[in-house]
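Peer 1: The structure that follows is given in the form of structure tokens.
The values are calculated or read from the model by the stated rules, or taken from the named source; none is laboratory data. Bear in mind that the values here come from a model prediction, so they are computed numbers and not experimental data. We place every Cβ from the backbone using ideal geometry, glycine too, and count neighbours over all the protein chains shown.
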Amino acid sequence: MALRMAQPWPHPKTGVFWFRRAVPKDLRALIGKVEELVSLKTKDPAEARVRYAKLSAEVEARWANLRAGARKLTERDAHALAASAHDEWLELHRDDPSFQSGWRTELYATLWTAEPLPEIEAQPGVPGAVPITNIFYRSMRLRCFQEADSILSRNGFVVDEWSRLKLARAIGAALQRASLTLGRAAQGEIVHNDALGRDSPEAAKALSGALSPTPPASSRPARQPAVAKPLSLTGLFEAWWREAKGVGRKPSTHESYEKTVRYLIAFLKHDDATRVTAEDIVAFKDHRLATPSKRTGKVPSAKTVKDSDLAALKTLFGWAVINRKLPTNPAAGLTIKVGKKQRLRPKGFVEAEAHAILSAALHYVPGPREDARTAAAKRWLPWLCAFSGARVGEMGQLRRQDLRREGDLWVLHITPEAGTVKTDEAREVVLHQQLIKLGFPAFVQASAEGPLFLTPGKGGDVLGPLAGLLNRMREFVRPVVPDPNVQPNHGWRHLFTTICEEAEINYRVYNAIMGHAGRTAADSYGDVTLKAKAAAIRKLPSFDLDKLRAIVAVQSEVGDRAFAVGSADPRA
């Protein structure tokens, strides 16, 4: 079946094509809407596709800027952004250039002087001339700031006040250059639309007050042709990650993006980012959808290619465009239409599966050469996740100091200091009474300082060993619950939600225990206290140990083969 590409949407009544793109969930609050909807102002399909591609690249760049967070504009950045104001002013007054011929270009600097603005004679040296009031200059300054805010909004830039002032000044200079051009046109001179006005002596005058004076052309060195700097895909990824890491992107993102870059390099048979075209990215997408994984032997799903590979490439090339490393984003606008996956069962473990896993954990016997921390993980992680709904990785990175006694409560501290937390926010989880009876606090107190379930790597690295631990936990659970339609590590979060709903626990409380974001803005007010969490945990039923012992008895009778839920044995 052919995969549909993102394309212009024809309005069913007017036939005019529109640009429609869903705003990513992480940007909706910042942008204030769930969909980008813009008329392409044409009924011609070919023209609509051209305009769609251009607008799609602009939207991708704006989203990338918003994700990048606050930045500072250089003078070069400001004047590049202000070029659009120059062109718009030319277009606005092109039919009546004489409107601009009376401008006093040397008065540009007065736009930025401190209040009050000086009153200036309309005709210097003419007795009785009526002074120009401050109103015009104030209105021009206001226009510059309004245009600056509009440009920043269109591009998704978040800047400080000094950068905003730089841009407003640059816009003022752009308007003056445009006015000079129109004034010369009114005198019958043939002029060209030079958005930057680099070679115009009038432009140098117009820039006085914003930039340092431009030396005469004769004293300037000859301009050398620009030489494109080499840019490898590997280097592009590393440069992006240095910045992304600083703003809190997850190690899992690094792993996923790095894998996509390796796949792309292997497919292209070169590592030159400047040679990558939109056609290359489409071909790579088709290749990924048709090529089985060497590790699993399975072809990646359309959702995996869309959400991992294409998302990574759009982000990397979008960042390169924003940072003036590449002129265009070859992955912009490319997507895959993903159908809704059939749901054949609940996402969480059912009761029989949960009991089987917890039984295997409770009675786990370590292998002769198995690491003690790995064995401890298989013994305790399923139980911890069953009574907290936590992600397995959050529990897998627990340290001895992350458990404390507070009154009659035992409290776990889940924190990004220990490794990684998806929300980047620490939270506290109260231990269920069955975990206490089973001896988890005693196990922690008897453990050495540091991580309970993994051994840090060189330099104290936790993330690499944690990834290995998660794989071993999947391998531990999968023989017990072989159904491929439930995730062996994530099934606990779904089951915990179900149990909390059955126990009529307030959704805000169990979301706080699980580390989920609130459903509404109102959920951010107030705190879910330890008292509220403890009351919720007490409502959770204990697992039936007699049933777990019965499962062990069946396992013993059927021999050493793996005991799986749903096996042919009638006692299962």
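Peer 1: Need the failing condition index for Val50 against (1) among the aliphatic types (A, V, I, L, M); (2) closer than 20 Å to Ala148 by Cα; (3) surrounded by fewer than 18 Cβ atoms within 10 Å (Cβ to Cβ), just the number.
Peer 2: All conditions pass for Val50, except number (2).
Peer 1: Which residues, counting only those in region 324-341, are in contact (Cβ under 8 Å) with a residue 12 or more places away in the chain, of a type outside the set (A, V, I, L, M, F, W, C) and closer than 21 Å to Ala68 by Cα?
Peer 2: Across region 324-341, the qualifying residues are Lys325, Thr328, Asn329, Pro330, Gly333.
Peer 1: From the list Thr455, Thr420, which one is surrounded by fewer than 19 Cβ atoms within 10 Å (Cβ to Cβ), part of a loop (DSSP other than H, G, I, E, B), within 25 Å of the chain's Cα centre (by Cα) and of a type in the set (Ser, Thr, Tyr)?
Peer 2: On the way: Thr455 fails: within 25 Å of the chain's Cα centre (by Cα).
Answer to the selection: Thr420.
Yes or no, residue by residue, for (1) at pLDDT below 90; (2) over 18 Å from Glu238 (Cα atoms):
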| residue | (1), (2) |
| --- | --- |
| Lys259 | no, no |
| Ile265 | no, no |
| His270 | no, no |
| Phe284 | no, yes |
| Lys294 | yes, yes |
| Ala332 | yes, yes |
| Thr335 | yes, yes |
| Gly367 | yes, yes |
| Ala376 | no, yes |
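Peer 1: Yes or no: region 287-298 includes at least one residue that is outside any loop (DSSP other than H, G, I, E, B), touching a Lys or Arg at 6+ places or on another chain (Cβ under 9 Å) and surrounded by 18 or more Cβ atoms within 10 Å (Cβ to Cβ).
Peer 2: No, that holds for no residue.
Peer 1: Can you tell me which residues in region 425-459 are without any contact (Cβ under 8 Å) to a residue 40 or more places away in the chain and of a type in the set (A, V, I, L, M)?
Peer 2: Ala426, Ile436, Ala442, Ala446
Table: residues versus (1) buried (at least 22 other Cβ atoms within 10 Å of the Cβ); (2) part of a loop (DSSP other than H, G, I, E, B); (3) touching a Gly at 6+ places or on another chain (Cβ under 8 Å).
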site: Arg324; (1), (2), (3): no, yes, no
site: Thr328; (1), (2), (3): no, yes, no
site: Leu334; (1), (2), (3): no, yes, no
site: Gly339; (1), (2), (3): no, yes, no
site: Arg343; (1), (2), (3): no, yes, no
site: Ala356; (1), (2), (3): yes, no, no
site: Tyr364; (1), (2), (3): no, yes, no
site: Thr374; (1), (2), (3): no, no, no
site: Ala377; (1), (2), (3): yes, no, yes
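Peer 1: Failed condition for Leu313, given (1) under 21 Å from the mean Cα position of the chain (by Cα); (2) surrounded by fewer than 18 Cβ atoms within 10 Å (Cβ to Cβ); (3) not hydroxyl-bearing (Ser, Thr, Tyr), with all others met?
Peer 2: (2)
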